[in-house]
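A.B. asks: Pasting a structure below so you can have a look.
Computed from the coordinates by the stated procedures, all read-outs in this text should not be read as laboratory data. Since the structure is predicted, the reported quantities are computational estimates derived from the model, not experimental observations. Cβ sites come from the backbone with ideal geometry, for glycine too, and all protein chains shown count toward neighbours.
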Amino acid sequence: MTSLSQVSKHYFNPEVVEEILEYARGRWVAAYYSDSVFRRYVGRKPLTLNTPDDWRFITAFKGNSLRTVYASAKVYRRLVCREDLYDSSNVFMCTPSWDIDNDLERWETTLEAAETIVGFLRDMGVKHSVYVKWSGRGCHVHVNENSLSRDLASRLSPFDLAYAVVEYVILKTAPTLAELAEKCPSLKVENLMDPQRVFTCPLSLHRRLDVVCVCIDPSKLGSFSLEWTRPGEYRHYRGWRGFREGELDELAEKAFTVVGPYPVRRRRVRKHPPLDKQILDTVRRLKRL
C-alpha cells in the first residue's frame, strides 16, 4: 500500500482537492482513515465537503490520515443535522450509477460491460451527460444528475427516478451482460442505489489498492489502460462535469413507468442473482415495455 507520505502528497495536489470538492459539494460524505474507520458524521451533523475549510478538517481527523473519500449519490438542499438525510423533499438531485465489479485481471471484460451500458444510454438519447469512473477492481457508470430537468425533478423524486433508470438499463441490457458473465463469472453488474449509498469521489485513492479513482471519457473506453490509475501518473477526464439538461427525462419517465419507485421494504444492500439467471425474468418484464 502507498506510504502515508505518498498519500499525503496525493491529497496536497491542488487538482485532487479541486475535483473532490467539486464532486462532493452538496453530498453526504464518508471518509476512510488510516485507523480503518469510516466516518460519516461530526457529532450529529452529516459529514460534508463544501469548502476548503471542510477539506482541511477531514484530511487529518483526530490524528488519523485520510485514505479514501466517498460521496452520496444524492445531492441535498441542506445537511446540518441527521434528520436532513431522511427528508425526501430535501433531495435536490441524484446521480444514476451502475456498479460493475470484477477481478482486477479481468478488467477488459469490465470495460465491455461499461461499454454495453454506455451504448444503451446513447441509443436512448443520453449522450452528453455520461462518464465512467475506474474505482479499483471495477468501475462505475454515472449519468450527471443535472441531466434531469428541474421540471421532472420537481414532480417525481430524483432518487426514485435514478433508481428506476439504473434498474431499467440493467434489465434491457441483461442478455448482453449475461453473455459477458458466462465468459467471466466474476463479473457483476448491480443496481446498488439505496438511500445511503456512497461512491468513490473522482481522484480519491482506493481504500486498499494503490489506485486513483479516475474518470474516463466514454468515447475513450477502448483505449483505457490500468496505467491511467497510477498515483502520481494518473490520467483523468475532467469532462465528467458535462451535461445537457433534460436529456435524461425521456428515459427516466419510461423507466419509472416500468420499474416504479425504490422499494421501501428491501435490504440495505441489494444483491442480484447471476446475470444469466435474470434473463427469463427480464424477458417477462420487458413485455410490459
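Each row is one residue, and each column tells you yes or no for (1) charged (D, E, K, R); (2) touching a Pro at 6+ places or on another chain (Cβ under 8 Å); (3) part of a strand (DSSP E or B).
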site	(1), (2), (3)
ASP54	yes, no, no
ILE58	no, no, no
THR68	no, no, yes
ALA71	no, no, yes
LEU111	no, no, no
GLY119	no, no, no
LYS127	yes, no, no
LYS133	yes, yes, yes
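A.B. asks: It is to be established whether one or more residues within the range 180-188 are in contact (Cβ under 8 Å) with a residue 40 or more places away in the chain, touching a Pro at 6+ places or on another chain (Cβ under 8 Å), part of a helix (DSSP H, G or I) and more than 14 Å from ASP99 (Cα to Cα).
C.D. replies: yes
A.B. asks: Applying the selection to the range 23-40, what residues are more than 22 Å from LEU161 (Cβ to Cβ), surrounded by 14 or more Cβ atoms within 10 Å (Cβ to Cβ) and of a type outside the set (Gly, Ala, Ser)?
C.D. replies: Once the filter is applied, which keeps residues that are more than 22 Å from LEU161 (Cβ to Cβ), surrounded by 14 or more Cβ atoms within 10 Å (Cβ to Cβ) and of a type outside the set (Gly, Ala, Ser), the range 23-40 yields VAL29, TYR32, TYR33, ARG39, ARG40.
A.B. asks: Is there any pair linking a residue in the range 72-98 that is touching a residue at least 12 places away in the same chain (Cβ under 8 Å) to one that is exposed (fewer than 15 other Cβ atoms within 10 Å of the Cβ) and assigned to a loop (DSSP other than H, G, I, E, B), with Cβ under 7 Å and at least six apart or on different chains, and which?
C.D. replies: Qualifying pairs under 7 Å: CYS81/ARG44; ARG82/ARG44; ASP84/ARG78; ASN90/ARG77; ASN90/ARG78; PHE92/ARG77.
A.B. asks: Now a separate question. Is it the case that GLY138 is buried (at least 20 other Cβ atoms within 10 Å of the Cβ), free of Cβ contacts under 8 Å to residues at least 60 places away in the same chain and over 10 Å from the mean Cα position of the chain (by Cα)?
C.D. replies: yes
A.B. asks: Turning to a different aspect of this structure: Residue by residue through the range 236-250, note down the ones that are of a type in the set (Lys, Arg) and more than 20 Å from SER204 (Cα to Cα).
C.D. replies: First, the residues of the range 236-250 that are of a type in the set (Lys, Arg): 238, 241, 244.
Hit for the range 236-250 is ARG244, nothing else.
A.B. asks: Taking the range 218-236, which residues are within 17 Å of TRP98 (Cβ to Cβ) and either part of a loop (DSSP other than H, G, I, E, B) or among the basic types (Lys, Arg) (or both)? Give the derivation first.
C.D. replies: Going through the range 218-236, the residues within 17 Å of TRP98 (Cβ to Cβ) turn out to be 218, 221, 224.
Scanning the range 218-236 gives a single hit, PHE224.
A.B. asks: Looking only at residues that are assigned to a helix (DSSP H, G or I) and polar (S, T, N, Q) in the range 137-173, which one is nearest to LEU203 (Cα to Cα)?
C.D. replies: Checked the range 137-173; the qualifying residue nearest to LEU203 (Cα to Cα) is ASN146.
A.B. asks: Still on this structure: Does LYS172 count as basic (Lys, Arg) and under 22 Å from ALA30 (Cβ atoms)?
C.D. replies: So LYS172 fails the test.
A.B. asks: Let me ask something else about it. I'm trying to understand the selection: among the residues of the range 89-115, which are under 22 Å from LYS254 (Cα atoms) and surrounded by fewer than 23 Cβ atoms within 10 Å (Cβ to Cβ)? Walk me through it before giving the result.
C.D. replies: Of all residues in the range 89-115, those under 22 Å from LYS254 (Cα atoms) come to 91-99, 114-115.
Within the range 89-115, VAL91, PHE92, MET93, SER97, ASP99, GLU115 meet the criteria.
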